[in-house]
Amino acid sequence: MSLISEKKDFKIISDLIPNGSSIIDVGCNDGSLLQYLNEENNINGRGMEIDQDKVQLCLSKGISVIEGDADIDLFDYPDNLFDFSILTYALQATKSPKTVLSQLVRISKKSIISFPNFGHWKIATSLLLNRKMPISNKLSYSWHETPNLHFCTINDFIDLCEEIDINIEIKANLKNYKLRKYTGKNFFDSYFSEAGLFLISKK
Amino acid sequence: MNENKIVKLATDKPLTLDCGKSLGPIQTAYTTYGSLNANKSNAILVCHALTGDQYVASSHPITKKDGWWSKVVGPDKPIDTNKFFVICPNVIGGCMGSTGPKEINPETNKEFGTDFPVITIADMVRAQKLLIEHLEIKKLFCVTGGSMGGMLVLEWLSKFPEMVHSAIPIATATNHSTQNIALNELARQAIMADPNWQSGLYYQSDKTPLKGLSVARMAAHISYLSKDALQNKFGRNLQDKNELEYSFDADFEIESYLRHQGYTFVDRFDANSYLYITRAMDYFDVTASHNGSLIDAFKKTNAKVLCVSFTSDWLYPTSENKKIVKVFNALGLNVSFIEIETEGGHDSFLLNEPKFFEALKGFLNSTLKDL
């Protein structure tokens with residue numbers, strides 16, 4: 001993922017969050033999103049990260065961080081503890097995306113989820129024409145070394161939310177970085193969005 | 001700067017202990033490192049473990065060895081004494097100058113021995129609080145310690161939350177597990193089974209329970225190491241010999257090593273102190289005065305906390321440390337957690353563990369910006 005789009009993603013997440021919100025960023029990486037939100041939204045934030053080197057980076061920045069695994073450690077939090085949980089570009093790397101999503105909407109009032117869209121036309125076309133696993137900006141690993149276990153398309157994500165009683169409130173257009181109220185599946189999104197970013201909550 | 005100091009505390013009013021008895025005036029022996037800043041906001045209280053003492057970063061007067069945390073505390077070390085004022089007191093019940101069984105009971109002018117009241121971790125913290133007040137420090141920048149030191153940290157967070165800005169409990173637990181009580185009981189029975197123990201009244205005698213204390217230390221030492229560490233360090237190597245001797249001498253290196261650990265320990269530790277301090281650890285349950293609720297025990301704290309565990313520690317395993325993380329999370333506190341991968345066992349917090357040091361340094365230096 002290029003830095004430019006990362007910063008734009010940060011901005012769009014910041015736009016979704018009221019100032020002073022309590023937040024957990026699951027798979028918080030080096031804590032840069034939390035730092036951004038600290039500055040922009042004055043949040044009460046903390047992270048969870050599986051990679052210890054990144055945990056160390058967070059600690060050195062003064063960010064509270066739990067070395068932990070989203071598939072296991074989200075169970076430790078009580079219901080509705082946070083205003084927001086955030087999971088950016090990590091859903092596809094979890095063992096059980098279904099469990100993780102259910103836990104996220106359980107421990108927070110709202111969740112912000114982003115993921116690479118495997119249904120993007122370039123990926124679909126690349127697979128069709130080359131018959132090789134696609135590599136793009138947001139899918140940057142070769143098939144044999146990818147940490148990603150469960151790729152999905154935007155439509156798959158919408159179906160899963162439906163299945164586990166999750167309400168999609170807002171979706172972001174990551175092409176022009178606009179937020180829109182979610183009104184249902186959309187042909188253009190599923191073909192032309194390299195990634196999906198949704199604001200969800202439990203029904 | 002780092003010479004041993006001794007202060008008399010609880011001179012006006014004795015300490016009321018958990019057992020109902022009172023103790024006082026009490027004596028506390030402590031060391032300090034670095035300097036206290038003008039608004040007294042940079043003090044770090046370091047709490048020692050069962051057999052530790054106040055010589056955290058200075059040469060031990062008996063063993064002449066480096067302080068037990070000299071890798072961690074000092075100029076440019078993870079707990080940087082260029083920035084922080086470090087205080088390390090010997091706990092009450094100890095044997096390096098603080099009021100304990102081998103000190104003189106002012107009421108009888110004889111050593112306390114087993115007349116010393118049974119103390120708890122909370123009692124030790126009450127005594128530490130008197131020292132901090134004596135030093136005119138209103139709020140500690142950080143309280144830290146490993147093993148029993150970590151229990152003291154948790155008790156500080158629970159009992160005196162307004163006095164703690166941040167805390168680093170390391171390789172510890174919110175109460176003592178059955179297995180840990182069992183191991184401590186083994187150690188105490190070894191001491192008390194030694195005829196030289198004489199019901200704890202051995203101070204005026206020329207016989208002291210060195211063998212019992214030595215066995216206690218040997219058993220404990222095994223629990224501080226991991227199976228892999230023992231296996232890799234000693235294997236089945238023989239000690240200065242090529243063949244088995246078909247005797248009960250120390251044939252194996254591990255036997256010789258443990259005997260050495262036992263023999264050298266008795267030079268610097270008092271058998272009765274071992275009984276009292278292990279008892280305090282067994283009695284430890286931070287929820288004791290909160291109807292068993294961890295949430296209630298910590299609900300008044302708003303300290304920033306870093307919990308640390310070590311993968312091969314089977315005495316205070318990661319699962320026990322994660323219970324602490326879980327309750328602080330549930331309270332919505334700023335808690336961090338890191339598990340250090342090592343084969344060093346429980347003793348890892350005393351060893352050279354660069355990832356552990358990095359976490360301490362990162363946490364303390366970034367928290368310093370809050371001041």
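The numbers here are math on the coordinates, done by the rules we state, and not lab data. As the structure is a computational prediction, the values presented were derived from the model and not from experiment. For neighbour counting, all protein chains shown are included, and Cβ atoms are generated from backbone atoms with ideal geometry for every residue, glycine included.
Taking amide hydrogens as modeled 1.01 Å from N in the peptide plane, which residues meet the under 5 Å criterion relative to B:VAL164, leaving out close sequence neighbours?
B:LEU140
What fraction of the DSSP beta bridges in chain A is antiparallel, stated in percent and rounded to the nearest 5?
If I count the DSSP bridges inside chain A, around 45 percent turn out antiparallel.
Two-decimal Rg/Rh of the protein assembly as shown from alpha-carbon positions, Kirkwood Rh?
Checking Rg against Rh, the ratio lands at 1.06.
Too long at a 21 Å Cα-Cα cut-off: which of B:LYS129/B:LYS361; B:LYS326/B:LYS369; B:LYS102/B:LYS159; A:LYS54/B:LYS322; A:LYS8/A:LYS178?
B:LYS129/B:LYS361; B:LYS326/B:LYS369; B:LYS102/B:LYS159
Partner chain Cβ atoms within 10 Å, averaged over the residues of A:62-73 - can you pull that number for me?
5
Search the structure for amide H atoms under 5 Å from the amide H of B:THR81, placed 1.01 Å from N in the peptide plane, and list their residues when 5 or more places away or on another chain.
The answer is B:GLY74, B:ASP76.
How large is the dipole of chain A about the Cα centre if only Lys and Arg carry +1 and Asp and Glu carry -1, each at its Cβ, rounded to the nearest 20 debye?
That gives chain A a dipole magnitude of about 840 debye.
For the protein assembly as shown, give the magnitude of the charge dipole about the Cα centre (Cβ charges: +1 Lys/Arg, -1 Asp/Glu; no others), in debye to the nearest 20.
1640 debye
With N set to the number of residues, divide the alpha-carbon radius of gyration of chain B by 2.2 N^0.38 Å and report two decimals.
0.98
Can you list the aspartates and glutamates whose alpha carbon is less than 17 Å from that of B:LYS71, not counting same-chain residues fewer than 8 positions off?
B:ASP53, B:ASP80, B:ASP347, B:GLU353, B:GLU358
Residue by residue, what Karplus-based ³J(HN,Hα) values in Hz, rounded to whole numbers, does the range A:114-120 have, using 6.51, -1.76 and 1.60 with θ = phi - 60° and x for Gly and Pro?
Result, ordered by residue: 10, 7, x, 8, 6, x, 4 Hz.
From the helices alone, meaning DSSP H stretches of at least four residues, give me the mean residue ellipticity at 222 nm for chain B, per-run term -39500 (n - 2.57), in deg cm²/dmol to the nearest 500.
It lands at -10500 deg cm²/dmol.
What percent antiparallel are the DSSP beta bridges of the protein assembly as shown, to the nearest 5?
Percentage antiparallel, nearest 5: 40.
What is the log10 of I(q)/I(0) for the range B:180-278, computed with the Debye formula using one identical point scatterer on each Cα and no solvent, at q = 0.10, 0.17, 0.18 Å⁻¹?
For the range B:180-278, the Cα-only Debye profile gives -0.32, -0.81, -0.87.
If you place +1 on the Cβ of every Lys and Arg, -1 on the Cβ of every Asp and Glu, and leave all else neutral, what size is the dipole of the range A:66-160 about its Cα centre, to the nearest 20 Debye?
My answer is approximately 540 debye.
How would you rank B:311-318, A:146-153, highest first, on the average number of other Cβ atoms within 10 Å across their residues?
Per-residue Cβ counts within 10 Å, averaged per peptide and sorted highest first, yield B:311-318, A:146-153.
From the phi angles alone, apply the Karplus equation (6.51, -1.76, 1.60; θ = phi - 60°) to the range B:69-78 and give each ³J(HN,Hα) in whole Hz, x where the residue is Gly or Pro.
With coefficients 6.51, -1.76 and 1.60, one gets 10, 5, 6, 9, 10, x, x, 6, 7, x Hz.
Show that you can apply the helix-only estimate: for chain A, add -39,500 (n - 2.57) for every DSSP H stretch of four or more residues, divide by all residues, and state [θ] at 222 nm to the nearest 500.
Taken over chain A, the calculation gives -10500 deg cm²/dmol.
Quick check: convex hull of the Cα atoms in the range B:3-117, volume per residue, rounded to a whole Å³?
127 Å³
So what is the relative contact order of the range A:69-203, in percent, for Cα pairs below 8 Å that sit 6 or more residues apart?
29 percent
A:GLU169's amide H: which non-local residues (gap 5+, or another chain) put their own amide H closer than 5 Å, with H modeled 1.01 Å from N in plane and none for Pro or chain starts?
A:LEU199, A:ILE200, A:SER201
Using each residue's phi in the range A:142-157, evaluate 6.51 cos²θ - 1.76 cosθ + 1.60 at θ = phi - 60° and report the 3J(HN,Hα) Karplus result to the nearest Hz, with x for Gly and Pro.
6, 4, 8, 10, 6, x, 7, 9, 10, 6, 9, 9, 4, 5, 4, 4
Using alpha carbons only, how many angstrom separate the centre of the range A:90-107 from the centre of the range A:119-189?
16 Å
Using alpha-carbon positions, what is the distance between the centroids of the range B:152-196 and the range A:32-58, in Å?
33 Å
How many partner chain Cβ atoms sit within 10 Å of a residue's Cβ in peptide B:189-196, on average, as a whole number?
0
How would you order B:63-70, A:51-58 from highest to lowest mean count of nearby Cβ atoms within 10 Å?
Answer by packing, highest mean first, reads A:51-58, B:63-70.
Could you tell me the relative contact order of chain B? Use alpha-carbon pairs under 8 Å, at least six residues apart, and round to a whole percent.
Here the relative contact order equals 17 percent.
If you take each beta carbon of peptide B:334-344 and count the beta carbons of other chains within 10 angstrom, what is the mean?
Whole-number average of other-chain Cβ neighbours for B:334-344 is 4.
Which aspartates and glutamates have a Cα lying under 14 Å from the Cα of B:LYS241, excluding residues fewer than 8 positions away in the same chain?
B:ASP249, B:ASP251, B:GLU253, B:GLU255
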